[in-house]
1. Can you return the lysines within cross-link range of LYS71? Criterion is Cα-Cα under 26 Å, with same-chain partners fewer than 8 residues away left out.
2. Classify the chain: rounded, prolate or oblate, from the alpha-carbon gyration tensor (a ≥ b ≥ c, eigenvalue square roots; a/c under 1.5 rounded; otherwise prolate if a/b is larger than b/c)?
3. Please compute the modelled spin-label separation between GLU46 and TYR104, points set 7 Å along Cα→Cβ, answer in nm with one decimal.
4. So, with a 1.4 angstrom probe, what is the percent of accessible area on the chain that is carbon and sulfur?
Amino acid sequence: QVQLVESGGGLVQPGGSLRLSCAASGRALSIGAVGWFRQAPGKEREFVAAISYSTFYADSVKGQFTISRDKAKNTMYLQMNNLKPQDTAVYYCAAASSIRIYVYAAAAYDHWGQGTQVTVSS
């Protein structure tokens with residue numbers, strides 16, 4: 001059974017940075033598409049970034065967040081810079097069993113982490 005475990009969340013001031021990590025069992029992050037989603041209180045889960053046949057970002061985080069993957073470590077990352085209060089959310093990593101053409105929908109992914117809280121506040 002594939003397990004994804006996020007870490008790296010926390011409280012940060014506006015303008016600060018955080019790097020989220022997602023470690024996987026087996027080769028879950030080495031084969032197919034991988035992505036990050038987030039869910040703010042009272043809102044639906046939304047796409048943040050993904051790696052599939054290319055790299056994709058939500059318009060709201062382009063130039064601010066960077067997704068990466070280390071296949072040797074079976075770990076993926078989300079580097080978040082210049083954080084804003086509106087980035088406050090629970091962040092989830094996700095993995096698909098194969099490359100996906102459409103990476104923006106949660107339904108494209110087969111495995112999910114438990115989520116890590118990111119709070120941006122002064």
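1. LYS62
2. Working: a/c = 1.71, a/b = 1.56, b/c = 1.10.
Cα axes put the chain in the prolate bin.
3. 1.3 nm
4. On the way: 2990 of 6140 Å².
Ligands and nucleic acids excluded, carbon and sulfur give 49 percent.
The values are calculated or read from the model by the stated rules, or taken from the named source; none is laboratory data. No experiment lies behind these values; they were computed from the predicted model shown. Backbone-built Cβ (ideal geometry, glycine too); neighbour counts: all protein chains shown. The area values use the complete protein model at the heavy-atom level, side chains included, leaving out ligands, DNA and RNA. Shrake-Rupley method; radii C 1.70, N 1.55, O 1.52, S 1.80 Å.
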